[in-house]
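A.B. asks: Once you've had a glance at the structure underneath, I'll fire off some questions.
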Amino acid sequence: MKLPHTHTLSAHDIGGVVYYSFPSFDELPFVRHGFSTRLGGVSDGIWSSMNLGFSRGDDPERVRENYRRICAAMGMDYRQVVQSDQQHHTRLYQAGPEDRGRGIIYKKQIDDVDGLLTDHPHVVLCTLYADCVPLFFVDPIRQVVAASHSGWKGTAARIGSVTVERMTAAYGCRREDILVGIGPSIGPCCFEVDRPVFEVFAAMNDLFDSGCYTASREEGKYLLDLWEINRRILLSAGIAADHITVTDLCTRCHPDLFWSHRAAGSQRGSLAGFIERI
């Protein structure tokens, strides 16, 4: 298929396995990373073809083979992947070598965690998506990497800022050094919410204004810009504006390329973001 044009991301096609990366991260010799698409896997039916969600009803062996393929395309070892049980909260987990394989080779046993961090080499952090916002973090000085899953609840709870705070407290990172990538997810064109959800964000009056939403054509509903809200949260956490890369690819607008819960409901697979210090 013809891939959509993007001004902010780099597309990669490695033997039919397609993924995206952030150019600012690609320049760092100690980082491997990427964000998957639906293309290049072995699953079929409603999960065709690169499904990375074990909980979607797909054959686990096919999902495991999908991990092997996407990780190989990114230059990673799927046996070193660490994955948690995400619950749309802001709990973070600092992963180490002992965690390699969790969620892929053996049971996750990391419950209710939506963000992963590490300063250990060859520990591949992995978070799952199907419209929610992926946040990737790199400190090029301390060589710390992190990945956080920012759904609307996590965004409202400022998981981006929580991740920055943990990086500074646990690893001695300086905010001015940290690079952040906001990955493919549902865009301001498609993320329609009702009044109660809108009011959750409206209460964030230190950063929420008319630049973060538009009124929907349906009365009482709004189109929220989670990309911009997350960008502002990161700015408020001390990340420099030119250290933040924001996606321009909406998962809902490209259902043949990305898994989208808004497009397919429960009849779908899962995308994944990966980041590794090498």
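The values are calculated or read from the model by the stated rules, or taken from the named source; none is laboratory data. Being a predicted model, the structure only gives us computed values, none of them experimental. Glycine also receives a Cβ, built like all others from the backbone with ideal geometry; neighbour counts cover every protein chain displayed. Remember, those area values only see protein heavy atoms, side chains included, never the ligands or the DNA or RNA. Shrake-Rupley method; radii C 1.70, N 1.55, O 1.52, S 1.80 Å.
A.B. asks: Could you tell me, in Å, what Rg and Dmax come out for the Cα atoms of region 2-91?
C.D. replies: 14.0, 38
A.B. asks: Let me ask something additional. Please arrange D206, D85, D139 by accessible surface area, largest first, computed with a 1.4 Å probe and ligands excluded.
C.D. replies: Order by accessible area, largest first: D206, D85, D139.
A.B. asks: Computed over the Cα atoms, what is the radius of gyration of the chain divided by 2.2 N^0.38 Å, N being its residue count?
C.D. replies: 0.93
A.B. asks: Just need the relative contact order of region 16-101 here, percent rounded to a whole number, with Cα pairs under 8 Å and 6+ apart.
C.D. replies: Details: 103 pairs, mean separation 17.7, N = 86.
Computed over region 16-101, the figure is 21 percent.
A.B. asks: Just the Cα atoms of region 20-146: what Rg and Dmax do they give in Å?
C.D. replies: So, for region 20-146, Rg and Dmax equal 14.1, 45 Å respectively.
A.B. asks: Test of understanding: extend the Cα→C-beta vector of H7 to 7 Å, then name every residue of region 242-261 with backbone N under 19 Å from that spot.
C.D. replies: In region 242-261, the label zone of H7 (backbone N under 19 Å from the point 7 Å along Cα→Cβ) covers 242-251, 253-254.
A.B. asks: Accessible area of T8, 1.4 Å probe, to the nearest 10 Å²?
C.D. replies: Per-residue accessible area (T8): approximately 40 Å².
A.B. asks: Give me the accessible area of C253, 1.4 Å probe, in Å² rounded to the nearest 10.
C.D. replies: Near enough 70 Å² of accessible area.
A.B. asks: Can you compute the helix-only [θ] at 222 nm over the chain? Use -39500 (n - 2.57) per DSSP H run of at least 4 residues, normalise by all residues, nearest 500 deg cm²/dmol.
C.D. replies: Roughly -6000 deg cm²/dmol at 222 nm, from the helical runs in the chain.
A.B. asks: In nm, give the distance between the simple-model label positions of K221 and D248, each being 7 Å from the Cα along the Cα-to-Cβ direction.
C.D. replies: With each label placed 7 Å out from Cα toward Cβ, I get 2.7 nm.
A.B. asks: Between S216, S55, S185, where does the largest GNM mean-square fluctuation fall for the chain, given springs only between Cα atoms within less than 10 Å?
C.D. replies: So, out of S216, S55, S185, the one fluctuating most is S55.
A.B. asks: Another question about this same structure. Heavy atoms only, probe 1.4 Å: what % of the accessible area of the chain goes to carbon and sulfur, would you let me know?
C.D. replies: 47
A.B. asks: Which of the three applies to region 87-167, rounded, prolate or oblate, going by the alpha-carbon gyration tensor with a ≥ b ≥ c and a/c under 1.5 meaning rounded? Mind showing how you got there, number by number?
C.D. replies: Working: a/c = 1.91, a/b = 1.15, b/c = 1.66.
Cα axes put region 87-167 in the oblate bin.
A.B. asks: Let me make sure I get this right: for region 154-276, a, b and c are the square roots of the gyration tensor eigenvalues over alpha carbons, sorted descending. Under 1.5 in a/c it's rounded, otherwise prolate if a/b > b/c, else oblate. Which is it?
C.D. replies: It is oblate, given that a/c is not under 1.5 and a/b is not larger than b/c.
A.B. asks: Right, next: K221: which lysines have alpha carbons under 20 Å from its alpha carbon, excluding same-chain residues fewer than 8 sequence positions away?
C.D. replies: By straight Cα distance, K221 reaches K153.
A.B. asks: For the chain, modelled as a Gaussian network with Cα springs under 10 Å, which listed residue fluctuates most, A169, A73, A237?
C.D. replies: Answer for the Gaussian network model of the chain: A169.
A.B. asks: Accessible area per residue of the chain at 1.4 Å probe, in Å²?
C.D. replies: 41
A.B. asks: So which residue, out of Y222, Y67, Y19, gets the largest mean-square fluctuation from a GNM of the chain using Cα contacts under 10 Å as springs?
C.D. replies: In this elastic network of the chain, the residue with the biggest mean-square fluctuation among Y222, Y67, Y19 is Y222.
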